[in-house]
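Notes for the one structure printed next.
The values are calculated or read from the model by the stated rules, or taken from the named source; none is laboratory data. Source: prediction; values computed, not measured. Neighbour counts are summed over all protein chains in view; Cβ atoms, including those assigned to glycine, are modelled from backbone coordinates with ideal geometry. Note: accessible area is taken over every heavy atom of the protein model, side chains too, but ligands, DNA and RNA are not part of it. Shrake-Rupley method; radii C 1.70, N 1.55, O 1.52, S 1.80 Å.
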Amino acid sequence: MTSKSSVSISTIIVESAVKNSIKLRGTSSNGEAKIYLGSTNQKFDDFFNHFDDSNLYKLDKDNLKEFLLSLKIEYAYQVLQQYKGVSLQYWEQKYQELLSYKESDLRFRVKDFSSRQRFYIRSTDPIFSEFVRSITLPHLTKMVIERHFEEKESRFIYTFKFFLNEEFPRTKPLEEDFEKQETVGRNIIFWGAPGTGKSHKVDQLYPSNKIRVTFHPEYSYYDFVGVYRPVPVYKKTDQSLLESDLREFARGEPLLDYRFHPGPFTLALEQAFSDLTQVYTLVIEEINRANVAAVFGDLFQLLDREDGGDSAYPVFNAEIARYLRQNQQVVANLQTKGIDILKTDQIIIPRNLNIVATMNSADQAVFVMDSAFKRRWDFEYVPIDFDDCEHREAPVPYAGRVVAWKDFAQTINSFLAEQGIREDKHIGPYFMKKDQVSDPTMIASKLLFYLWDDVLAHKRSVLFCVKTFGELVEKYKNGEEVFLLSFPYQQEGVST
């Protein structure tokens, strides 16, 4: 290969070009497999040789190794800026994934995806649309495209390389980041339509040191905090005791004692106070399916936090205090907060304990939260985004043909929006699991039932061309049309 026509262009990777898992927290823009290079003009088209079919586009494996190691070193920075799915383990997984690729795996196709005023390039090949977009942290990544002319094959070769953006603000010490950012606890509720990946998002943001609980209509304060339960104890005696089958009972005279069994809130509190240098998280799934005012009781006052993250106002709780006194490390760490739990029943939520919840406001069996309770939480809406759904292209059988899951759901969602149906009743990408999407029985019993019974219970005729749910299921399974909609089919003649 010669260096004839050797030239390069570069750009900084931005939020819209990457996978949702590595965007900054709080970012809601939709990522696409396209990269913005600049304003539309002839120079980009010339640089890419008018996207001639002879062009070869590839990645440099050695460069990617170095880049991933650089990102791992920059982990302290990532903690400070709170990228969504970033961790040391994440980079290690990506590095091992890279090592598994052969050189031939690193080649991909590139297309012009420009508009009138903006020049984009795009690749839908997995090595680029999946792998590259999962490692190029926005703002921190600089992409350089090097062009060389290969005389032997008479073609241009474009090598995509990635580097840390040296002009971006540098890392602060990890200890300082942890002190200022990671230990400032949050009360936050992630809410959205069913199947948007709320629980998955929580696991990405809070990958370790967490206790998970699911609320339901019968969930109570005592389930959450703890309850006294009977425990068998045995009194030594000189008398002989017999079992019902007349065998000797050697343990002694049986008696009952009552002991405190801590609930998830108390356990999370104990963990957090046991080690103030680690961040812990209490995850509450389906928070609005229980009467939260009754479940939290006076503990909801602890949700008021100071700027540093500790509870602004302590509450008195004899049961929790009595349980925490058994842990000497907890006692010592509470004293650093000005609370001598050996002399008082006061408790607080420490700055290193997050309380994170999920909520689907479209659920029918839900309890209304009062304004005083909601005021103590941050709310983050999780939008319907098929971009990062692994099975978005999975085939959905319908009327003897096949529709991609993404197109099937989004066509229905668009119709629901036109009918004035709230977005929190639309269909999220994870409403159906990967192994369910192509199963007519699962589509009928889960998706069609949801639309029929929950979403359109009072105006089913606007979407369906059937009169009863039984008829709906039977016709769908027989490969007949049941929707008053047109779908973008993938192919013809596929049997359901």
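Checking the conditions here, which among Val403, Val330, Val356 is outside any loop (DSSP other than H, G, I, E, B), open to solvent by less than 30 Å² (accessible area, probe 1.4 Å) and touching an Asp or Glu at 6+ places or on another chain (Cβ under 9 Å)? Reasoning before the result, please.
Details: Val403 fails: touching an Asp or Glu at 6+ places or on another chain (Cβ under 9 Å); Val356 fails: touching an Asp or Glu at 6+ places or on another chain (Cβ under 9 Å).
Every option except Val330 fails the conditions.
Only residues that are hydrophobic (A, V, I, L, M, F, W, C), at pLDDT below 90 and more than 21 Å from Asn55 (Cβ to Cβ): list them for region 93-128, please.
Our first condition is that a residue be hydrophobic (A, V, I, L, M, F, W, C); within region 93-128, this holds for 98-99, 106, 108, 110, 113, 119, 121, 127-128.
After this cut, where a residue has to be at pLDDT below 90 as well, the list is 113, 119, 121.
Residues satisfying the conditions do not exist here.
Take the residues in region 194-210 that are touching a residue at least 40 places away in the same chain (Cβ under 8 Å) and within 8 Å of the chain's Cα centre (by Cα), then tell me which one is nearest to Val356 (Cα to Cα).
At the first step, the residues of region 194-210 found to be touching a residue at least 40 places away in the same chain (Cβ under 8 Å) are 194-202, 204-207, 209-210.
Pick out the ones that are also within 8 Å of the chain's Cα centre (by Cα) and you get 197-202, 204-205.
Values: Gly197: 14, Lys198: 11, Ser199: 10, His200: 12, Lys201: 11, Val202: 8, Gln204: 12, Leu205: 10 Å.
Among those residues, the one meeting the criterion is Val202.
Can Leu484 be described as open to solvent by 70 Å² or more (accessible area, probe 1.4 Å) and among the aliphatic types (A, V, I, L, M)? I'd like the intermediate steps shown before the answer.
Working: open to solvent by 70 Å² or more (accessible area, probe 1.4 Å): yes; among the aliphatic types (A, V, I, L, M): yes.
So Leu484 passes the test.
Would you check which residues across region 269-306 are among the acidic types (Asp, Glu), loosely packed, with under 15 Cβ neighbours inside 10 Å and touching a residue at least 12 places away in the same chain (Cβ under 8 Å) and list them? Spell out the reasoning first.
If we filter region 269-306 for residues that are among the acidic types (Asp, Glu), which is where we start, we get 270, 275, 285-286, 298, 304, 306.
When the remaining residues are screened for being loosely packed, with under 15 Cβ neighbours inside 10 Å, the result is 275, 298, 304, 306.
Scanning region 269-306 gives Asp275, Asp298, Asp304.
So Gly252 passes all but one of these: (1) touching a Lys or Arg at 6+ places or on another chain (Cβ under 8 Å); (2) modelled with pLDDT of 75 or more; (3) surrounded by 17 or more Cβ atoms within 10 Å (Cβ to Cβ). Which condition number does it fail?
Failed condition: (3).
Looking at region 359-391, which of its residues are charged (D, E, K, R), touching a residue at least 40 places away in the same chain (Cβ under 8 Å) and assigned to a loop (DSSP other than H, G, I, E, B)? Break it down stepwise before answering.
Quick first cut of region 359-391, residues charged (D, E, K, R) only: 363, 370, 374-376, 378, 380, 385, 387-388, 390.
Subset that is touching a residue at least 40 places away in the same chain (Cβ under 8 Å): 363, 370, 376, 378, 380, 385, 387-388, 390.
Listed by number, the residues that qualify are Asp363, Asp370, Arg376, Asp385, Asp387, Asp388, Glu390.
Based on what the data block shows, is Ile427 hydrophobic (A, V, I, L, M, F, W, C), over 20 Å from Asp388 (Cβ atoms), at pLDDT 90 or above and buried (at least 19 other Cβ atoms within 10 Å of the Cβ)? Lay out the reasoning, then the answer.
On the way: hydrophobic (A, V, I, L, M, F, W, C): yes; over 20 Å from Asp388 (Cβ atoms): no; at pLDDT 90 or above: yes; buried (at least 19 other Cβ atoms within 10 Å of the Cβ): yes.
The answer is no for Ile427.
Go through the residues of region 467-487 one by one and say whether even a single one is aromatic (Phe, Trp, Tyr), closer than 24 Å to Asp387 by Cβ and either out of contact with any Pro (no Cβ under 8 Å at 6 or more places or on another chain) or part of a loop (DSSP other than H, G, I, E, B) (or both).
Here is the first cut: in region 467-487, the residues aromatic (Phe, Trp, Tyr) are 469, 476, 483, 487.
Within this subset, residues satisfying the condition of being closer than 24 Å to Asp387 by Cβ are 487.
Remaining after also requiring either out of contact with any Pro (no Cβ under 8 Å at 6 or more places or on another chain) or part of a loop (DSSP other than H, G, I, E, B) (or both): 487.
Yes.
Wholly within region 137-229, which helices (runs of 4 or more DSSP H) include no fewer than the required count, namely at least 2 residues that are at pLDDT below 95 and of a type in the set (Lys, Arg)?
Working: elements: 174-177, 198-205, 221-225.
Passing ranges, in order: 198-205.
Filtering region 307-327 down to residues that are within 19 Å of Ile355 (Cα to Cα) and of a type in the set (Asp, Glu), which residue is most open to solvent (accessible area, probe 1.4 Å)?
Only one residue tops the list, namely Asp307.
Kindly provide the set of residues from region 211-223 that are under 24 Å from the mean Cα position of the chain (by Cα) and within 20 Å of Ile347 (Cβ to Cβ), ordered by number.
Answer for region 211-223, where residues must be under 24 Å from the mean Cα position of the chain (by Cα) and within 20 Å of Ile347 (Cβ to Cβ): Ile211, Val213.
Can you pull out the residues in region 211-241 that are aromatic (Phe, Trp, Tyr) and either closer than 23 Å to Leu353 by Cβ or open to solvent by less than 50 Å² (accessible area, probe 1.4 Å) (or both)?
Start the filter on region 211-241 by keeping residues that are aromatic (Phe, Trp, Tyr), which leaves 215, 219, 221-222, 224, 228, 234.
Passing the criteria: Phe215, Tyr219, Tyr221, Tyr222, Phe224.
State the number of residues belonging to region 333-348 that are within 19 Å of Ala312 (Cα to Cα) and part of a loop (DSSP other than H, G, I, E, B).
Selection size over region 333-348: 9.
Suppose the filter is open to solvent by less than 40 Å² (accessible area, probe 1.4 Å) and among the hydroxyl-bearing types (Ser, Thr, Tyr); does Thr266 pass it?
Details: open to solvent by less than 40 Å² (accessible area, probe 1.4 Å): yes; among the hydroxyl-bearing types (Ser, Thr, Tyr): yes.
Yes.
Would you check if there is a residue in region 16-24 being open to solvent by less than 50 Å² (accessible area, probe 1.4 Å), among the hydrophobic types (A, V, I, L, M, F, W, C), part of a strand (DSSP E or B) and modelled with pLDDT under 80? Lay out the reasoning, then the answer.
Narrowing region 16-24 to residues open to solvent by less than 50 Å² (accessible area, probe 1.4 Å): 17-24.
Restricting the remaining residues to those that are among the hydrophobic types (A, V, I, L, M, F, W, C) gives 17-18, 22, 24.
When the remaining residues are screened for being part of a strand (DSSP E or B), the result is 24.
Narrowing further to those that are modelled with pLDDT under 80: 24.
Yes - at least one qualifying residue is present in region 16-24.
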